[in-house]
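Readers should treat all values here as calculations from the given coordinates under stated rules, not as data from a laboratory. As the structure is a prediction and not an experimental result, all values here were calculated from the model. Reconstructed Cβ throughout: ideal geometry from the backbone, glycine too, with neighbour counts over all protein chains shown.
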Amino acid sequence: MSVTERNPRDTIRPIRIEDVEHATRVLAHAFEADPVLRFIIPDDADWQRVSLPWFRSVLRSAVRRESALIDDRGQGVIVWETPAAGAGLARQLLSTIRMTGLLRHNLGRARLLSDTLRSYRPRRAHWYLAYIGIEPGKQRSGLGQALLDSLLERADIARMPVYLECSARGNLGFYNQARFHLVDEVTIPTGVNTWPMLREPNPA
């Protein structure tokens, strides 16, 4: 099999500390137009200032917890929390803002999102899929599926459900194919939509 025909799954590995800076840029690029994140940080200059410290903090923590994967070409990254009772994207940002002092004027938006989604999150132990990001020029190559499959295999072994908050209607089919079911469609008071989804582990 040639390099171009290689199964993307064969290239997936745990992220290492030396990957953090590159992986930080991958996530910042991948989520630059994400509607939910840009609801929290709508200003372009603010995004440029906060996105790298934010994702860097997330990834350093993930390296310590062994809860992030990257492909060996550095084109895609997936990050999760394990277990994640009550965790969520907005809470991660709140923590980063408090730790770094960045964008304190955006705390209200992050709090609003976190408070709105709190009731949809599973109360039992679960893994929270925080980020799956592919370099914009490398999307639709099968890499996102390979990253997700690698995570779900680990979750199945651990017998853990996986919860996520999908930020784009167009991605619902991608997650449905992986046996995530829609919990609800949530409209944030300002009009931004997000879709909580949950996947039970495969039967043994």
### Task
Count charges around V63 for me, please; just the other residues with Cβ under 9 Å from its Cβ, Lys/Arg as +1, Asp/Glu as -1.
+2
### Query
Between E66 and N202, what FRET efficiency comes out of the Förster formula 1/(1 + (r/R0)^6) with R0 = 25 Å and r the beta carbon distance, rounded to 0.05?
0.70
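In whole angstrom, how long is each semi-axis of the equivalent ellipsoid of the range 10-199, when you take the square root of 5 times every eigenvalue of its Cα gyration tensor and sort them from largest down? Can you show the working numbers first?
Details: eigenvalues 103, 84, 51 Å².
Three semi-axes, in Å: 23, 20, 16.
If each residue of separation counts as 0.36 nm, what is the full-extension length gain between R118 and R49 once their alpha-carbon separation is subtracted? Show your work: numbers first, answer last.
Details: separation 69, 0.36 × 69 = 24.84 nm, distance 2.75 nm.
Extra length available between R118 and R49 comes to 22.1 nm.
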### Task
Name the shape class, rounded, prolate or oblate, that the alpha-carbon gyration tensor gives for the range 133-189, where a ≥ b ≥ c are the square roots of its eigenvalues, rounded holds for a/c under 1.5, and otherwise prolate holds if a/b is larger than b/c and oblate otherwise.
oblate
### Task
Rounded to the nearest 0.05, what FRET efficiency do D34 and A158 give with R0 = 35 Å and r taken as the Cβ-Cβ distance? Could you check?
0.80
### Query
Which value in nm describes the separation of the simple spin-label points at D184 and H22, placed 7 Å from the Cα toward the beta carbon?
4.2 nm
